[in-house]
Amino acid sequence: MRPSLVVHGGCGTPPPGEEGERNAACERSADAGWAVLQSGGSALDAVEAAVRALEDEPLMNAGTGAYLQADGVARLDASIMADDGRAGAIAQAPLLPHPVSLARYLLEQDAHVMLAGPEALALAARLGHEVGVVATPAKIAYWQEHLDEACRRLDYAAMAAAWKAGNPRLAPGKPKSTHPPGLGTVGCVALDARGRLAAATSTGGTGQCYPGRVGDTPVIGAGTYCTPRVGVSMTGVGERILVKLSAKRLADLVADGLALAAAARRVLDEVGPGVGLIAMDEAGAVVEPRNTPFMATARRTG
């Protein structure tokens, strides 16, 4: 079996000139995961290493580069899944630069699947995981620049209206929000030399959102899913991915006999604009479709 790996750095519309930097970050992430596979490591080890590398990238919306929610706090989400059905997920944990590693701990315990909020942070600290401020100067500046009256007052109805205006599919005919879209979510899918698949996803979520908002990333079957046939990591408008359980939908289509590329395209069509994904099958074939202007990716294959 030839090991393979693919990573993504989120889909959307990056600020002009950032495409190269985002692609370079994905290349560094792929190098980190590929080093694991080349040394005989598992697909789980590889996806964790690759996603940790992306969580360390200030430009990315994960870990240290996370966007701040409306109250000025960065809360992190991540999930990881092996092809044997084990999974772990972290939701809305503050001060946690590498939520994917805490999700991996839950996977290895193979008891509870998801842990959320300050309690997740407390467990990370007990385990000796790195804990600290994850807000970069650039993301703090972004939050300050877009701190409108709705966010200052935590006016949930007004914040919801602004968010929908920035996602025209959810509010047809209405003007777009002045909030520029941020690229969200990073992920990796890997196949190791023993033919095992694994997938992982991590995000800082949506900037200026409701405090405590949870998207698709930590929900197994929505942002991440893995079977012996296929591994999937999603990115984009998390609410739409979440309600469609898009990652599992893709896996189910493949299980029903649809080719990987066709299954991925159908999932994107069903979810609608603002979505991308990476997926890999048990033979190492990779797809990385998107319906956004940009999605940074990188691949490695043996």
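The values are calculated or read from the model by the stated rules, or taken from the named source; none is laboratory data. Worth saying up front: this structure is predicted, and the values here are computed from it rather than measured. In this analysis, Cβ positions are derived from the backbone assuming ideal geometry, glycine residues included, and neighbour counts consider all displayed protein chains. Accessible surface areas use protein heavy atoms only, side chains included; no ligands, DNA or RNA. Shrake-Rupley method; radii C 1.70, N 1.55, O 1.52, S 1.80 Å.
Structure values in brief
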| item | result |
| --- | --- |
| For the stretch 1-136: Kirkwood Rh in Å [reciprocal of mean 1/r, alpha carbons] | 15.4 |
| The chain: Lys pairs at Cα distance under 22 angstrom, eight or more positions apart or on different chains | 5 |
| Positive-end residue of Met234, Leu121, Asn61, charge dipole of the chain with Cβ unit charges | Met234 |
| Protection proxy ranking, peptides 61-71, 136-146, average beta carbon neighbours within 10 Å, highest first | 61-71, 136-146 |
| The chain: angle of helix 99-109 to the longest principal axis, Cα-based, in degrees nearest 10 | 50 |
| Residues in the stretch 268-283 that a label on Val243 would reach, taking backbone N under 18 Å of a point 7 Å out along Cα→Cβ | 268-276 |
| Rg/Rg_globular for the chain, with Rg_globular taken as 2.2 N^0.38 Å and Rg from C-alpha atoms | 0.92 |
| Accessible solvent surface per residue of the stretch 179-302, calculated while the other protein chains remain in place, 1.4 angstrom probe, Å² | 33 |
| Acute angle (nearest 10 degrees) that the helix 43-55 long axis makes with the longest principal axis of the chain, alpha-carbon atoms | 30 |
| Rounded D (µm²/s) - the stretch 216-259, Kirkwood Rh over Cα pairs, Stokes-Einstein at 37 °C, 0.692 mPa s | 326 |
| Solvent-accessible area per residue for the stretch 1-88 (1.4 angstrom probe, square angstrom) | 32 |
| Dipole magnitude of the chain, debye to nearest 20 (Cβ charges: Lys/Arg +1, Asp/Glu -1, about Cα centre) | 540 |
| Centre separation in Å (Cα based) which lies between the stretch 233-297 and the stretch 35-77 | 20 |
